[in-house]
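No lab work stands behind these numbers, since they all come straight from the coordinates. Please read these numbers as outputs of a predicted model, since none were measured by experiment. Using ideal geometry, Cβ is built from the backbone for each residue, glycine included, and neighbour counts are taken over all protein chains shown.
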Amino acid sequence: MLETAQKTSPEPLRRMPALHAENLACRRGGRLVFTGLGFGLEQGEALLLTGRNGSGKSSLLRLLALLTPRLRGSLTWTGIEVTEQPDAWRQALAWLGHTDAVKSDLTVRESLSGAQILRKGKPDSLDHALSRFDLTTIADRPGRFLSAGQRRRAALARVMLSGAPIWLLDEPASGLDEPSRAALHFTLREHMKSGGLAVISTHGDIHIPNAHPIDLGDFAPSVDALAEEWA
């Protein structure tokens, strides 16, 4: 009598996270800022960068945006090293740094409309973004007459209009009042619910679901690593 071989189910394949970083190291201003940093983000997730001033939060965001070269490590998006297709990677990003990039001579509406045209965004979404960040009443005010908080809200509206799947935000809540913080949180949740990703530097003022905190201080270079750098 022939024995029937039992069929065994193959082990499920491990899926690579949509955004995957491994063993990243960064030098800024001649100083090794962090080393051995890695993370993985699936669609709809965010990474919250915490740590003391100088721990490398802004440096990591600049590294991800290809504004600062990495010392070593890999960074892949949907399984492809981002430096292999840098233009496509930059197109997938919306960047918000410490400066708000609001043009002094353009009105709020003109600045956002110009950015939207470059991104080929939906024309009917501009008024929605203006309303979301309470900019409707100042939409025709030139940038030079905006307060710091108003400029930040305009910059956040620009990110919202970008349509980019990945948002890199450097302390986005800086200078915002409570209603504006609520608008930021709502917009982030909306972005992530649609499958978007976000990497955000924060001092603890961002509260959103599916967010993974990472303390950059945990990746500070050891004494041995610093000695090796200077050897």
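Number of Lys pairs in the chain with C-alpha atoms less than 25 angstrom apart, excluding same-chain neighbours closer than eight positions?
Numbers: K57/K193; K103/K120; K103/K122; K120/K193; K122/K193.
Lysine pairs, 8 or more places apart or on different chains, close enough: 5.
DSSP H helices in the chain with Cα extent of 15 Å or more along the helix axis and mean Kyte-Doolittle hydropathy at least 0.5?
Numbers: long enough: 108-119 (17 Å, 0.01); 148-162 (21 Å, -0.12); 178-193 (22 Å, -0.84).
TM-like helix candidates: nothing returned.
What list of ³J(HN,Hα) couplings, whole Hz, do you get for the stretch 76-93 from phi and the Karplus terms 6.51, -1.76, 1.60, once you set θ to phi - 60° and write x for glycine and proline?
Listing the rounded values in order: 10, 10, 6, x, 10, 4, 5, 6, 6, 9, x, 5, 5, 5, 4, 5, 7, 9 Hz.
How long are the semi-axes of the equivalent ellipsoid of the stretch 35-230, taking √(5λ) for every eigenvalue λ of the Cα gyration tensor, in whole Å from largest down? Intermediate values should be presented prior to the final figure.
Values: eigenvalues 185, 66, 52 Å².
Sorted largest first and rounded, they come to 30, 18, 16 Å.
Below 8 Å, C-alpha to C-alpha, sequence gap of six or more: please give me the relative contact order for the stretch 35-230 in percent. Walk me through the intermediate numbers first.
Numbers: 276 pairs, mean separation 72.5, N = 196.
For the stretch 35-230, the relative contact order is 37 percent.
Indicate, rounded to the nearest 5 percent, the antiparallel portion of the DSSP beta bridges found entirely in the stretch 67-199.
On the way: 3 of 10 bridges.
If we restrict to bridges inside the stretch 67-199, about 30 percent are antiparallel.
At 0.36 nm per residue, minus the direct Cα-Cα distance, what do D177 and E110 gain on full extension? Give it in nm, one decimal, please.
Length gained, D177 through E110: 21.7 nm.
Which value, in debye to the nearest 20, describes the size of the charge dipole of the stretch 80-231 about its Cα centre when Lys and Arg Cβ atoms bear +1, Asp and Glu Cβ atoms bear -1, and nothing else is charged?
Here the stretch 80-231 has a charge dipole of around 960 debye.
Among A101, I206, P165, which residue has its Cα furthest toward the positive end of the charge dipole of the stretch 35-230, with +1 on Lys/Arg Cβ and -1 on Asp/Glu Cβ?
A101
Zone of N23 (label point 7 Å along Cα→Cβ, backbone N under 11 Å): which residues in the stretch 55-88?
Once the point is set 7 Å along Cα→Cβ of N23, 72-74 turn out to lie under 11 Å by backbone N, inside the stretch 55-88.
Calculate the FRET efficiency for A101 and R72 from the Cβ-Cβ distance with a Förster distance of 30 Å, rounded to the nearest 0.05. It would help to have the intermediate numbers written out before the result.
Details: r = 30 Å, r/R0 = 1.01.
In this case the efficiency is close to 0.50.
Mind checking the full-extension length gain between H207 and Q85? Use 0.36 nm per residue of separation minus the Cα-Cα distance, one decimal, nm.
Values: separation 122, 0.36 × 122 = 43.92 nm, distance 3.26 nm.
Working it through step by step, the gained length comes to 40.7 nm.
Rounded to the nearest 5, what is the percent of antiparallel bridges among the DSSP beta bridges in the chain? Don't jump to the answer; show the numbers that get you there.
Numbers: 15 of 33 bridges.
If I count the DSSP bridges inside the chain, around 45 percent turn out antiparallel.
Which stretch or stretches of the stretch 171-212 have amide N atoms under 19 Å from the point lying 7 Å from D134's Cα along the Cα→Cβ direction?
172-189, 205-207
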